[in-house]
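Just below is one structure, and these are the notes that go with it.
The values are calculated or read from the model by the stated rules, or taken from the named source; none is laboratory data. Because the structure is predicted, anything quoted here is derived from the model rather than measured. Glycine also receives a Cβ, built like all others from the backbone with ideal geometry; neighbour counts cover every protein chain displayed. Heavy atoms of the whole protein, side chains included, go into the accessibility calculation; ligands, DNA and RNA do not. Shrake-Rupley method; radii C 1.70, N 1.55, O 1.52, S 1.80 Å.
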Amino acid sequence: MGTFSGELCEKNKSRFDPLIMKLSQIGKLTLLKKEFSELEPSKSTALSQEQIFEYLDRKCGGDELFDRDIGNQLLDRITKDPDGCVTVDQFITVFLEAEELLRGRLTNCDILADQYKASKSKAETKLRVFRQTELQNPNGLMNTSTLAITIHGARLKTNPEESQPYFIEITAGDFLTRTKQIEASSSPTWKETFNIDVTDQEMQVKITMISPETSAAYSTTLGLDELRDQLKHELILNLSDNVGTIHLTAHWIFSRVQYMTDVITRLEGLIQSNEEDKAEFERDLNALYRPFPSLRAATAVIANDDSISRDLYLEQTDDGEQYEGRGKP
């Protein structure tokens with residue numbers, strides 16, 4: 001069961017025309033007030049939790065009860081009087097807020113579904129190309145296997161006044177490069193990226209921070225095993241002699257075919273998860289509507305926004321004269 005915490009994001013709100021949203025809330029507010037007018041006069045001002053549930057259960061009909069989890073969440077959002085009672089207007093307000101929130105989340109699920117499916121389609125197209133063009137060396141790596149390393153910076157345990165200028169040297173097999181030199185600092189920052197050709201899965205990358213003034217050198221080693229998932233990894237590695245740490249990002253692509261296959265698998269997982277979320281929100285919304293089937297009809301009518309549906313809406317609210325002359329919702 002989903003929760004009603006949080007607010008409807010602006011992206012979701014933009015999917016609803018403001019005029020339709022306004023008329024929708026006016027119509028639904030009127031409809032719910034009319035539904036609650038069935039209560040005895042003595043119960044129409046303030047209701048206890050038991051009275052709220054008794055009324056909602058009766059509106060559900062038969063042996064079916066209103067969802068207690070949803071009901072408790074609604075009531076938890078209301079400031080109650082000293083006797084623990086709430087007004088009808090308070091309950092209607094949080095009821096409509098919950099309905100709007102759930103509808104917004106369903107809209108967001110539809111947006112995400114479109115995005116995920118579009119991304120999956122693009123990934124499948126790339127995968128077909130990579131399967132036709134990728135060549136591998138005897139070590140099982142594609143010929144253009146590349147490790148991208150970005151050196152962000154270091155955090156040193158020395159006092160600022162004892163700091164020295166440093167540069168970073170990177171070695172891997174025959175590969176050798178270095179960063180620019182940074183002036184004395186206990187937190188030097190480089191933000192430099194290097195691409196290393198990888199021909200052997202056992203390759204080790206040595207990263208050494210060197211002071212040109214004292215020739216002091218502090219190093220760490222990065223292996224490829226932890227990068228085998230082909231995702232971008234942000235790492236904090238300890239430097240030798242316990243002088244501090246170095247912050248870097250590493251991303252190794254050794255097979256575009258495998259990489260794109262993994263991307264598609266992850267997207268399929270997101271699509272499935274999004275569908276499960278949508279089903280849960282739909283269940284919650286159906287449970288919310290259960291005592292008030294005319295509210296479900298009104299919501300569908302305004303969303304469809306056609307003249308036939310509008311007539312049905314006015315008929316179901318039985319209060320159509322209020323809306324004549326306002327223009328079509």
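Tabulated data for the structure shown
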quantity: Pick from region 212-222, criterion at pLDDT below 95 and not β-branched (Val, Ile, Thr), ranking: surrounded by the fewest Cβ atoms within 10 Å (Cβ to Cβ); calculated: Ser215
quantity: Residue that is nearest to the chain's Cα centre (by Cα) [pool: residues in region 30-55 that are at pLDDT 90 or above, open to solvent by 60 Å² or more (accessible area, probe 1.4 Å) and more than 23 Å from Arg296 (Cα to Cα)]; calculated: Gln49
quantity: Residue, modelled with the highest pLDDT, within region 139-170, restricted to residues that are part of a loop (DSSP other than H, G, I, E, B) and among the hydroxyl-bearing types (Ser, Thr, Tyr); calculated: Ser145
quantity: Residue check for Glu202: within 39 Å of the chain's Cα centre (by Cα) and either without any contact (Cβ under 8 Å) to a residue 12 or more places away in the chain or surrounded by fewer than 12 Cβ atoms within 10 Å (Cβ to Cβ) (or both); calculated: yes
quantity: Subset of region 56-85 [in contact (Cβ under 8 Å) with a residue 60 or more places away in the chain, more than 19 Å from Thr45 (Cβ to Cβ) and under 33 Å from the mean Cα position of the chain (by Cα)]; calculated: Phe66, Asp67, Asp69, Ile70, Gln73, Arg77
quantity: Test result for Asn238, under 20 Å from Ser163 (Cβ atoms) and among the polar types (S, T, N, Q); calculated: yes
quantity: Subset tally (residues that are small (Gly, Ala, Ser) and at pLDDT 90 or above) for region 56-91; calculated: 2
quantity: Those residues of region 264-310 which are modelled with pLDDT under 95 and either outside any helix (DSSP H, G or I) or among the basic types (Lys, Arg) (or both), in sequence order; calculated: Arg290, Pro291, Phe292, Arg296, Asp305, Asp306, Arg310
quantity: Unmet requirement for Ala184, which otherwise passes all of (1) out of contact with any strand residue (DSSP E or B) (no Cβ under 9 Å at 6 or more places or on another chain); (2) at pLDDT below 95; calculated: (1)
quantity: Failed item, numbered, when Ile182 is tested on (1) open to solvent by 90 Å² or more (accessible area, probe 1.4 Å); (2) among the aliphatic types (A, V, I, L, M); (3) more than 30 Å from the chain's Cα centre (by Cα); calculated: (1)
quantity: Count of residues meeting criterion [over 31 Å from the mean Cα position of the chain (by Cα) and open to solvent by less than 70 Å² (accessible area, probe 1.4 Å)] in region 105-155; calculated: 7
quantity: Selected residue (criterion: least open to solvent (accessible area, probe 1.4 Å)) from residues of region 239-277 that are within 16 Å of Arg131 (Cα to Cα) and among the hydroxyl-bearing types (Ser, Thr, Tyr); calculated: Ser255
quantity: Selected residue (only one of Ile196, Ile207, Ile236, Ile170 is among the β-branched types (Val, Ile, Thr), free of Cβ contacts under 8 Å to residues at least 60 places away in the same chain and surrounded by fewer than 16 Cβ atoms within 10 Å (Cβ to Cβ)); calculated: Ile236
